[in-house]
Structures are given as structure tokens and as C-alpha cells.
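Worksheet for the structure shown next.
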Protein chains: 2
Amino acid sequence: MTTGGAGPTEDRARDGGWSDQVNALGGFIRAQRQMAKLSLREMASMTRVSNAYLSQVERGLHQPSLKVLHSIADALHLNTEQLLRQAGWDASTAPEPEPRPRPAGPSSVEEAVRAETRLTEEQKTAIIGVYRSFLDS
Amino acid sequence: MTTGGAGPTEDRARDGGWSDQVNALGGFIRAQRQMAKLSLREMASMTRVSNAYLSQVERGLHQPSLKVLHSIADALHLNTEQLLRQAGWDASTAPEPEPRPRPAGPSSVEEAVRAETRLTEEQKTAIIGVYRSFLDS
DNA sequence: CACGGGCGTTAAGTATGTCAAGCACGGCTG
DNA sequence: CAGCCGTGCTTGACATACTTAACGCCCGTG
């Protein structure tokens, strides 16, 4: 292979756009790393992820896991959400805000839930259902 | 309700921190799924993730990838950030302290849950996660 | 000149995520 | 009773994340 340095990255994606995302993420990370004037090995020791793998991630060859993404964000002092946006993170599913005040009274779990006025009846039933299913598991 | 096996399957985490997180995440997902009245297979077909794997994730046997997490959030109409919080996405990296608005006063529901000795810590975390997700929806 | 020593990249190995089939239990319906 | 569906769960094969040990290159020395 054209080992060593100047490899022309002639990698074509035959996949649906996933690699675009990963590639963008990688580029972003590499840019941030270089801006912070860190070498792969330095960053590797900070993140406890191998330099080799970091290299691959930066070139878009792999999609890193949460753990790794988190470490990277940490080492680069980035906002985590930022990084996640760069990873394939579409916004979606926006629930409608429905504020509802009023506190409640004390007691056991079920009573407390039932007394919680900010919840709808459906929500109360749901939570209690979960609670019970945990109890008899 | 967790029918079928009725297996005790007392698989306690002896691994340390890792499984706590994953377990809480799994509990949260399972809770949300049951609330949505979905079976594993239904959710599997919505998320295009196999029912088998979903089962394992819900029981904390595996840490799902971003793709999967995203599909799940989508299928359950959850806010993605919520899910990520439940996945081991805790504090640490907080360059900008973002004071989460905690408008509601002391919640008796949370206190009641925490005081419920028949629940494991992961179960408590899951229930409270559900509860909060309802509150600020 | 040779020699360390830094850099990014590669190759081969191990761990872990993910899937397609099939199992065991239980609820029905005839 | 048998037989079908519907659960959730297990297993064994494969794909992908990730590691450790190299390689080739470039830049300082002595």
C-alpha cells in the first residue's frame, strides 16, 4: 500500500449517508484537536483511548461509542451536546410544553403520585404501573 | 408484566459503576416502553432493532450505540437529551455551569420513591427519571 | 552519517454490539 | 385435551468498536 504519509484518502462510501455524518464528526474532532495543539498520542493519553483508534475516528472510519465521545469532549473541553450534534443527531420529537403548577401531599409512592397535580391521570396510571411491575419482579 | 420466565435471574452487578448506568438506562427504557404499551417486538419493528437486543439492553446487558439509542428515543417520542442523560451521560464535562431550572419545589413523589426499600437503586432512578420526564415535558 | 524521538497510519488481535432462529411459558379457542 | 398466538428470553454466528505492536516518514541532535 501507499504506506506512510501522504495517503490520498480515496475512500468512497457505498452506504447511505452515514459516513457523511461520521466523516463530518471526524473532521470536527481533528480540527478541534489541532486547534488545541494536541498530538494524537497526547489526546490518547488524556482520553484513555488509543491513538490508533482516534486516528481512525478522525478520518471517519469508525463511529465512536458514547464512552469515547464523552472522553473526547472532555479532553477538548467541548460542550457535549455540540459533539453529539456533529455525530448524526437529528433533532426530532418535540413534545409540547404543558406547564401545570401546584404541589401535593405526602405519603407512600402511590399516594404521592396520585396527589401530584402536575401529572395527568394517564401519566399517574403509567408511573404506578411501572412501580408495581418493579415490585413484583 | 415481565411475564414469561418469571425468572429470578438475580444478576447483580459486580462490575462496578458501568452496569449501574446501563442498568438505569435499561430500566428507564423498559419503563417508557411499557408505558407506551408496546411489546418488545412492536418496538423492535419501529426501531428496526431486533427484539432480542432490545431485551438485552433493557436488562442492562449491553450498552447500545448512538444509532440504536436514537431510534429508541424516536420510537418512544422521547427527547433525545433525556435518554442520553439516562445513559451514562452525567456531569463531568461542564465547562459552563448550566443551572437546570428546577422550578418545582421539593417533590414528595421523589422522596416517597427514594424511601421505598423494596426497590433497587436502579429502579428508583428509572422511576424518578420517568417522573421528571413527565414534569418537564 | 547514524541515531533517537516525535508524528500519523496500518495490521492483526480481542472485546463488544447486533441479528436471525428457536425455546419456554402462559392465555385463549375449539 | 390439542393447537395456535402472544409474550420475553437464550444462543450462536457475524459485524463493528477498540487495543497493542509495529511501520514509514520527518526533524532534531551528536
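The values are calculated or read from the model by the stated rules, or taken from the named source; none is laboratory data. Only a predicted model underlies this, so the values are computations on that prediction, with no experimental measurement involved. Please note: Cβ atoms are built from the backbone with ideal geometry, for glycine as well, and neighbour counts cover all protein chains shown. Surface areas here come from the heavy atoms of the whole protein model, side chains and all, with no ligands, DNA or RNA. Shrake-Rupley method; radii C 1.70, N 1.55, O 1.52, S 1.80 Å.
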Determine whether the range A:82-93 contains at least one residue that is in a loop (DSSP other than H, G, I, E, B) and at pLDDT 90 or above.
no
I'm trying to understand the selection: among the residues of the range B:106-134, which are facing another protein chain (nearest Cβ under 9 Å), open to solvent by 50 Å² or more (accessible area, probe 1.4 Å) and modelled with pLDDT under 75?
B:106
Restricting attention to the range B:50-76, which residues are surrounded by fewer than 19 Cβ atoms within 10 Å (Cβ to Cβ) and over 19 Å from residue A:84 (Cβ atoms)?
B:50, B:51, B:52, B:53, B:55, B:56, B:59, B:61, B:62
Determine which single condition residue A:96 fails, assuming it passes every other condition in (1) at the interface with chain B (Cβ under 7 Å from one of its Cβ atoms); (2) modelled with pLDDT under 65.
(1)
